[in-house]
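Accompanying notes for the structure given below.
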Amino acid sequence: MQEKDGEKLYRKGLEALNRGDTLSALSYFERAINIERSPSVCSGYAYCIAKERGQISNAISLCEEAIQKEPQNTFHYLNLGRIYLIHNNRAEAIKTFREALKYEENPVIIEILNTLGLRRPPVIKFLKRNNPVNKYLGIILRTNRWRKPLYALIISFIAITTLFIFLYIPSEKPKIPISEVNPESPIKPLEVKPEVPSTTPEEIKSKPPSPELEVSPDKATQKVEVRPKDNHILETKQDIHTLELIAEDSTWIHLNIDEGKSREILLNQGEHIKLNAKKTFSLKIGNAGGVKLIFDGKEVATPKEKGKVITITLPLSYDSTSETSKKNIDTE
């Protein structure tokens, strides 16, 4: 009877937690934990006491206890990561969330990582993130035990493919056999007969001379020299903007090129990428002091405060090195 009461209290606490009512959830979990100390009840109770009472150390201990008993239950990792965020320990929270994704694609954890802007890009970028190939490759690469064998397999495949290209694809074009020529036989010149248009004298007289052609008659034959009246050369030039992103510190960037599909980039210190656009670049940078922008060969003046989030659209209305251009940069 007590087990059923504990389960009912846990379900009511979970419903209140999903509604965002952590105070009511705390009341249900606190009564449930006195009846049955299950890992799920401890995990939910831990998040509530961290949120409502600020008991961070006790909450972390309860979540770690739940993870030891049920290491593949992502609900415990979700609550532990939330507790770290309450404690402003962003690094441990992200580490905990990524650990949970090894076992299950929890949609709540994925949404939190997207909000933080630090979710890793897919392994194969031209495939969608939810593609099974990207999904299982990501799981394998996150597991250290399979990382080295996978790299060895990829290197072996590249080596075998390269060897096949060199061995089985001919590098020279086949030679065309030349027929034997008898030097004593005379070579007859080719006779070229001019093509005469089938027109009657009456048609020639009735057709007026074209103003775009100049006709100069000769005694034996008539040679027609065609000279275009206007010689216009049409040149089409397409402006292409370039943007270089040079990471001086780890930062995330939300990028949109020519108002197309947006994507997210994570740059570590020392990395840099070069992008092209026909019209505009729209960027949201999570660490303004950790990245340098080179637009069309000129450095863009941005705030250099580390950890500051800015939004910028290129090209700017003014010169990127002037003070007035900084008005086009939104800071958060």
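No lab work stands behind these numbers, since they all come straight from the coordinates. What you see is a predicted model, and the numbers here were worked out from it, not measured in a lab. No Cβ is skipped: glycine too gets one built from the backbone with ideal geometry, and neighbour counts run over all protein chains shown.
Numbers below:
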| read-out | value |
| --- | --- |
| Residue-span extension gain [residue 152 to residue 280] - 0.36 nm each, minus C-alpha spacing | 42.0 nm |
| Cα centroid separation - the range 281-298 against the range 44-59, whole Å | 39 |
| Cβ charges +1 (Lys, Arg) and -1 (Asp, Glu), total dipole of the range 2-117, debye | 200 |
| Around residue 47: net Lys/Arg minus Asp/Glu count, Cβ-Cβ under 12 Å | +2 |
| Cβ-Cβ FRET estimate between residue 72 and residue 161, R0 fixed at 51 Å, reported to 0.05 | 0.85 |
| Potential extension, residue 7-residue 64 segment - 0.36 nm per residue separation minus Cα distance | 18.4 nm |
| FRET E, pair residue 57, residue 249, Förster distance 30 Å, beta-carbon r, rounded to 0.05 | 0.45 |
| Nonlocal amide H pairs with residue 308, under 5 Å, H built at 1.01 Å | 288, 289 |
| Efficiency of FRET between residue 37 and residue 272 - r from beta-carbon atoms, R0 45 angstrom, step 0.05 | 0.30 |
| Student exercise, the range 21-61 dipole from Lys, Arg, Asp, Glu Cβ charges, in Debye to nearest 20 | 80 |
